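The values are calculated or read from the model by the stated rules, or taken from the named source; none is laboratory data. Since this is a predicted model, take the numbers as computed values, not measurements. Neighbour counts run over all protein chains shown; Cβ positions are idealised from the backbone, glycine included. Ligands, DNA and RNA are stripped out before the accessible areas are found, and what is left, the full protein with its side chains, is counted by its heavy atoms. Shrake-Rupley method; radii C 1.70, N 1.55, O 1.52, S 1.80 Å.
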Amino acid sequence: MRQLQDEGRRGFLRASLTGVAGLAAASLPGAAQAAPFPGGRLQVWSCGGLAEAMQPAHAEYERRSGAAVVYTGAFAAALGKSLLGSGSTEVFAGRVLDLAKKLRAEGRMTYFKPLCFTSYVIVTPTGNPGNVRSVDDMARKGVRVAMAPEASPPGGAAVVGLLKKAGCLDAVMANVVNPGTCVQRSVEAITTGKADAMIVELRVTRLPQFAGKLDIVEIPAGLFPPPPLTFTVGVMQEARDRALADDYVAWVTSPEGQAHFERAGFIPAISPRGQELVEKLGVKDV
């Protein structure tokens, strides 16, 4: 997998991986401590987009804590709607800051912390045969663009917003071949060479079915639509063992926990870039 543009951002990705992973590795000796919650059980819901990070993170947390994590990953808006109604969980990691704030305002969530952020890139077939090196290149005549404009939010809407901000929505849409309704199925048009370029979240390139099968072109962060960038994690009022729920949230926001999100293609909230986004987007429980 190659990254073709924006050396500064690429440098950040390498540096942040080293930074958070290094911090996590440095704290491993502490893992020899006795499990503090033997026989405990914690119910965790999250946005489905976090699943590839949550699953290995939970395996490690269970080893360290002695507690079992009962995990559900699904469409965040549906989970949020459920939690604002009769739904119940003990910890919720949702997408979009406004959802966390609404759960707090409704008295459903006790507190939340910034968890991680997503980012967007252009993916091409390996070797970049279409020579696509920027969002503007996707508007070039003859470039075949893959897109899933009708995918569940934010999959399609976020990309449309990014292209609007770049000022090339209509021209890029004119190059879309076979508009899809599922982001991952549309990415297959790139891996099979049926399309030249597609805008996706960086995390999608880390999925096992796509790893090593795509080239990556960085997109300036200023074009990213703000609402879908933020993921938070919070303790809900229904937490039966508050100490366990607090410990879980503290761990997933620690260097050890954050390393899993970095490996899955997210920007950890504790990384320098994550801290910049916390301030810029106002991801604070106030």
Rounded to a whole number, the Stokes-Einstein D of the chain in µm²/s (Kirkwood radius over Cα pairs; 37 °C; 0.692 mPa s) is 167
At a 1.4 Å probe, what is the % contribution of carbon and sulfur to the accessible area of the chain?
-> 55
Mean Cβ neighbour count within 10 Å, used as a protection proxy, ranking 136-142, 278-284 highest first | 136-142, 278-284
Calculate, for the chain, the solvent-accessible area per residue in square angstrom, rolling a 1.4 angstrom probe over the heavy atoms of the protein chains.
-> 43
Which one of Ala57, Ala77, Asn175 is farthest out on the positive end of the charge dipole of the chain, using unit charges on Cβ (Lys, Arg +1; Asp, Glu -1) and the Cα centre as origin?
-> Asn175
Within the P(r) computed for the range 127-286, what percentage of the Cα pairs occupies the region above 30 Å?
-> 26
Multiply the residue gap between Lys280 and Val70 by 0.36 nm, knock off their C-alpha separation, and tell me the result in nm, one decimal place.
-> 72.3 nm
Hey, what does the equivalent ellipsoid look like for the range 32-78, semi-axes from the Cα gyration tensor as sqrt of 5 times each eigenvalue, largest first, whole Å?
-> 24, 11, 5
Towards the positive end of the charge dipole of the chain, with charges on Cβ (+1 Lys, Arg; -1 Asp, Glu), say which of Ala243, Phe112, Pro208 has the farthest Cα.
-> Pro208
Expressed as a rounded percentage, what relative contact order does the chain have, with Cα pairs under 8 Å and six or more residues apart?
-> 30
